[in-house]
Amino acid sequence: MATTAQPQPSLASAARARGVLFVHSSPRAICPHLEWAVGGVLGRAVNFEWAPQPVLRGTMRAEFYWEGDPGTGAALASALRGWDDVRYEITQDPTASTDGARYLHTPTLGIHVAQTDTAGNIVISEDRMRYAMELAGSDALALHRELHAALGQPWDDELEAFRHASDDNPVIWLHSFAG
């Protein structure tokens with residue numbers, strides 16, 4: 001009796017990526033367009049729960065949990081690329097076969113992309129470290145500035161006030177831990 005082997009899914013095809021899109025501030029008129037752009041990436045209509053952004057009058061904020069194929073975080077960042085007045089942050093958790101990522105955007109700084117590890121820490125590549133050392137030479141303060149830039153510190157500094165605006169929002173537990 002012959003048996004036929006069942007094809008096994010590869011790690012890349014079996015792994016699903018997930019993350020969060022934080023729209024820290026968006027002009028009201030752009031909000032529906034952001035939903036449309038995200039829905040286009042995810043292949044389905046999406047509706048965000050918009051709330052006023054108290055840090056910047058006339059703007060809205062939203063948090064959206066997403067799931068998709070590896071690379072969805074990059075696709076979302078690309079889809080939001082044209083809206084220069086929008087402050088956003090996209091995280092993509094690592095999978096068994098892919099690194100995690102973090103995308104930060106502000107109107108004044110543009111976009112910053114960083115690789116993340118399983119704990120969410122930013123990983124700086126060897127080439128980026130060498131570039132920072134080359135630019136800084138023997139100037140320790142210049143090296144400090146370059147490493148801050150590589151970590152996305154200027155983006156974090158600009159977004160921090162907008163992040164705290166969500167501190168009054170209710171917490172939604174996505175997972176239950178039995179102990």
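Data overview
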quantity: Ranked packing of 33-43, 141-151, 88-98, most packed first, by mean Cβ within 10 Å; calculated: 88-98, 33-43, 141-151
quantity: Total charge dipole magnitude, the stretch 44-166, about the Cα centre, Cβ charges on Lys, Arg, Asp, Glu only, Debye to nearest 20; calculated: 340
quantity: Share, in percent, of DSSP beta bridges within the stretch 1-145 that are antiparallel, nearest 5; calculated: 100
quantity: Extended-chain gain in nm, criterion 0.36 nm per residue less alpha-carbon gap, Glu126 and Ala29; calculated: 30.7 nm
quantity: Solvent-accessible area, 1.4 Å probe, carbon plus sulfur percent, for the stretch 92-149; calculated: 53
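The values are calculated or read from the model by the stated rules, or taken from the named source; none is laboratory data. None of the values given here were measured: they were computed from a predicted structure. Note that each Cβ is placed from the backbone with ideal geometry, even for glycine, and that neighbours are counted across all protein chains shown. Accessible surface is based on the protein model in full, side chains and every heavy atom, while ligands, DNA and RNA are left aside. Shrake-Rupley method; radii C 1.70, N 1.55, O 1.52, S 1.80 Å.
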